[in-house]
Amino acid sequence: MRFIEAMLADERESRISDVAKRMGVESRYASKYRSRLLAEGVIEQVARGIVRFALPEFKAFVQGELGD
């Protein structure tokens, strides 16, 4: 969930390095969660080191759940 929350700051696509900084971890550590979310189909990779939410309206759903 921390990885997903860190992605919310970006308008569309997120750089793994930016997500890692927001999480306060190294990119290698964040990449473990990236891999899990990719496998579950929650996010998709659009370019090397860049991901976005794969599910339509998922970002809005998460923001609503978090009260943002």
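Each reported figure results from applying straightforward, stated rules to the coordinates on display, with no laboratory input. None of the values given here were measured: they were computed from a predicted structure. When we count neighbours, we look across all protein chains shown, and the Cβ atoms used for this are built from the backbone with ideal geometry, even at glycine.
As a test of the formula, what do you get for the chain when each DSSP H run with n ≥ 4 contributes -39,500 (n - 2.57) and the sum is divided by the residue count, at 222 nm and rounded to the nearest 500 deg cm²/dmol?
On the way: 4 runs with 37 residues, N = 68.
Mean residue ellipticity, 222 nm, calculated: -15500 deg cm²/dmol.
Can you tell me the dipole magnitude for the chain around its Cα centre, using point charges on the Cβ only (Lys, Arg +1; Asp, Glu -1), in Debye to the nearest 20?
On the way: 12 positive and 11 negative charges, 81 e Å.
My answer is approximately 380 debye.
Taking θ = phi - 60°, what integer Hz values does the Karplus form 6.51 cos²θ - 1.76 cosθ + 1.60 yield along the range 55-61, in sequence order, with x for Gly and Pro?
Along the range 55-61, the couplings run 8, x, 6, 5, 4, 5, 4 Hz.
Using the alpha-carbon atoms, what tilt in degrees (0 to 90, nearest 10) does helix 27-40 show relative to the longest principal axis of the chain?
50
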